[in-house]
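These notes are about the structure you will find just below.
No lab work stands behind these numbers, since they all come straight from the coordinates. These figures come from a predicted structure and were not determined experimentally.
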Amino acid sequence: MIPRRVVRYFVILALLLFPPLSAFASSGRTLAQVNMRAGPGRSFHVITVLPARTSVGILQCTRDRRWCNVSARRHRGWVDARYLSRMPSRKRPRG
């Protein structure tokens, strides 16, 4: 039988080495012209305006999924999630 402290060690190691799936960026596109803001809310100042159909990298979203932190056109900021469409991930062919 494996000692508990060894199991605990490997669990902690796995948690440190493998970030949650939400930490990985996904691709998306703006559905309409949208303000990119300095923070997740309308009270934050506008960094830039993204035109409709702009490709973005979606880095993370708030827990309620109302705002997403995105990167686009050499800028990084927050966009209202209602104006984003996630792009399906491309699966690599096997073989």
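With contacts taken as Cα pairs under 8 Å at a separation of at least 6 residues, region 51-91 carries a relative contact order of 27 percent. The smallest convex shape that holds all Cα atoms of region 21-86, its convex hull, gives 73 Å³ per residue. Once C-alpha pairs closer than 8 Å and six or more residues apart are averaged by separation and normalised to the residue number of region 21-86, the relative contact order reads 37 percent.
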